[in-house]
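Each remark here refers to the structure printed beneath this line.
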Amino acid sequence: MNQHNRQNTPVLDSYWMPFTANRQFKAAPRLLASAEGMHYTSVDGRKILDGTAGLWCVNAGHGRRQIAAAVERQLSTLDFAPSFQMGHPIAFDFAERLAEIAPGGADGKLDRVFFTGSGSESVDTALKIAVAYQRSIGQGTRTRLIGRERGYHGVGFGGISVGGLVNNRRVFPLIPGTDHLRHTHDLAKNAFVKGQPEHGAELADDLERLVALHGAETIAACIVEPVAGSTGVLIPPKGYLERLRKICTAHGILLIFDEVITGFGRLGASFATDYFGVTPDLVTTAKGLTNGAIPMGAVFASRKVHDALMHGPEGQIELFHGYTYSGHPAACAAGIATLDIYRDEDLLTRAAALQDDWHEAMHSLKGLPHIADIRTIGLIAGIELTSREGAPGARAYDVFVDCFERGLLIRVTGDIIAFSPPLIAEKSHIEDIVSILGDALKRAQ
Ligand SMILES: Cc1ncc(COP(=O)(O)O)c(C=O)c1O
């Protein structure tokens with residue numbers, strides 16, 4: 001039996017929480033009990049507006065019965081089946097459905113799909129596919145992986161090595177043979193921009209410098225988030241991604257877009273790849289893939305990459321990589337139901353319809369205390385606060401707690417607030433976000 005005290009609070013000792021100040025949290029816990037549509041309900045019965053789609057994943061809103069029913073049906077039909085040298089129809093069905101909406105334009109869709117269990121696994125999978133691809137085309141010296149400062153690519157050793165967030169890296173050994181582009185954040189030139197900033201396309205030329213430094217023949221791939229989320233929402237300058245694509249192509253380097261947060265409608269197109277009209281060779285996804293209901297990720301690969309590995313004797317495993325839960329039947333069921341909802345409710349393009357209201361609402365906060373920048377794209381906003389003297393991150397954390405107590409879930413990284421509400425948001429929800437956050441900022445020290 002669960003042990004709960006009178007406030008409906010469970011015993012908190014045993015659960016070692018991820019990315020959490022455990023002792024601080026357990027002294028004053030924030031616990032969510034249920035969710036429906038745009039709202040959570042806390043254990044003490046308060047409605048909390050979800051300004052972050054959970055963790056950028058519940059794009060179709062909470063409590064979708066269609067997904068629950070599909071998972072229930074699947075679990076009572078086929079709960080688990082191995083995917084190594086075995087198959088089950090729903091994994092193939094889901095891959096075909098994903099192929100229909102796969103990222104990619106004129107250069108061809110990335111319609112070969114490798115299933116994983118999370119965003120971190122998708123990233124490590126894509127990095128490994130890139131290295132394996134290079135070897136398969138006779139470029140075995142290409143093992144170096146290029147990431148970007150302030151990038152977040154999950155928490156596997158590959159992901160933190162190409163990632164660029166110091167707290168995720170400093171304690172751990174990193175895989176050798178990585179290097180980083182500079183990040184694109186430039187408040188002096190690009191503050192308070194709606195959409196893509198004007199300045200900074202030339203930062204993509206960092207990749208030319210790394211080619212000059214290391215030799216193209218050592219570099220397998222370059223991975224970036226098309227819009228960097230976890231670092232506090234960094235939107236690519238106009239022309240930047242195009243330039244990166246060109247340099248990768250010129251030097252035989254594969255380009256990987258990490259679309260774990262931008263995939264499935266966040267920008268108003270199915271993928272950032274389509275929104276920006278720049279097609280990489282591999283795209284990593286997770287989160288919105290199953291509306292967050294069941295953990296799952298997927299890597300989309302171009303035919304060029306996929307087909308290059310389909311060589312050698314037919315009885316030989318082409319890629320020595322995979323997970324027990326790759327293509328898990330329940331996750332596939334959740335994914336197919338999620339795609340049905342996205343299609344039936346036009347959610348993959350809804351952010352485009354909401355974008356103008358969203359821009360206006362978020363930028364209306366300009367001038368309130370502590371705000372150093374507001375940046376918006378699709379249904380994403382980053383609001384950067386000035387830091388309190390000697391206590392970086394403390395101000396945004398206080399705002400986060402204040403908002404939670406007044407019924408709004410926001411996400412903070414350092415002193416940057418990020419918003420990514422479910423794509424079912426209405427204008428009234430956006431107004432509530434602005435009102436609760438605005439009041440919290442006025443109170444903030
Ligand atoms: C761009 C990006 N890549 C990878 C990840 C890691 O995903 P997961 O937490 O599912 O491992 C995240 C998570 O926020 C992300 O934003």
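Cross-link reach is defined here as a Cα-Cα straight distance under 15 Å, omitting same-chain residues fewer than 8 places apart; for Lys427 the aspartates and glutamates meeting it are Asp50, Asp356, Asp357, Glu360.
For region 70-344, what number of Lys pairs, 8 or more residues apart or on separate chains, have alpha-carbon atoms under 20 Å from each other?
Values: Lys109/Lys246; Lys109/Lys304; Lys128/Lys304; Lys189/Lys238; Lys194/Lys238; Lys238/Lys246; Lys246/Lys304.
Step by step, the pairs that qualify in region 70-344 add up to 7.
Taking region 314-380, which chymotrypsin sites (Phe, Trp or Tyr not before Pro) meet the DSSP loop condition and have no more than 13 other C-beta atoms within 10 Å? Those satisfying the criteria are Phe320.
Where Lys and Arg each count +1 and Asp and Glu each count -1, what net charge lies around Val399 among other residues with Cβ under 13 Å from its Cβ?
Numbers: positive: Arg388, Arg395, Arg406, Arg411, Lys442, Arg443; negative: Glu384, Asp398, Asp402, Glu405, Asp415, Asp439.
Charge balance near Val399 sits at 0.
Using the Cβ-Cβ distance between Glu36 and Asp205 with R0 set to 60 Å, the FRET efficiency works out to roughly 0.80.
Specify, per residue and in Å³, the volume enclosed by the convex hull of the alpha carbon atoms belonging to region 308-445.
Numbers: hull volume 27.9 nm³, N = 138.
Value for region 308-445: 202 Å³ per residue.
How many percent of Cα pairs in the chain exceed 44 Å?
Numbers: 9713 of 98790 pairs.
Of all Cα-Cα pairs in the chain, 10 percent lie more than 44 Å apart.
Inter-part distance, region 387-410 to region 301-357, computed on C-alpha centroids, equals 36 Å. The packing ranking, built from the mean of other Cβ atoms within 10 Å per residue, places the peptides 146-157, 168-179 in the order 146-157, 168-179, highest first.
Within region 354-445, report the trypsin sites (Lys or Arg not before Pro) that DSSP leaves as loop and that have at most 14 other Cβ atoms within 10 Å. Don't skip to the answer; put the middle values down first.
Values: sites: Lys366, Arg375, Arg388, Arg395, Arg406, Arg411, Lys427, Lys442, Arg443; in loops: Lys366, Arg406.
Answer by residue number: Lys366.
Could you give the length gained by full extension between Arg303 and Ala68, i.e. 0.36 nm per residue of separation minus their alpha carbon distance, to one decimal place? Let's see the in-between values first.
Values: separation 235, 0.36 × 235 = 84.60 nm, distance 3.34 nm.
Roughly 81.3 nm would be gained on extension.
Going by a ≥ b ≥ c, the root eigenvalues of the Cα gyration tensor, does region 271-345 fall in the rounded group (a/c under 1.5), the prolate group (a/b larger than b/c) or the oblate group? In terms of gyration-tensor shape, oblate.
Taking the Cα centre of region 363-445 as reference, the dipole from Cβ charges on Lys and Arg (+1) and Asp and Glu (-1) amounts to some 100 debye.
Any idea which of Val233, Thr143, Asn8 is furthest toward the positive side of the dipole for the chain, if Lys and Arg beta-carbons carry +1 and Asp and Glu beta-carbons -1? Checked the options; the winner is Asn8. In the chain, the DSSP-assigned H stretches of four residues or longer account for a calculated mean residue ellipticity at 222 nm of -10500 deg cm²/dmol, using -39500 (n - 2.57) per stretch and the full residue count as denominator.
Where a number appears in this text, it was derived from the coordinates with a stated rule and is not lab data. Nothing here was measured: the structure is a model prediction, and the numbers come from that model. Virtual Cβ from ideal backbone geometry, glycine too; neighbours counted across all protein chains shown.
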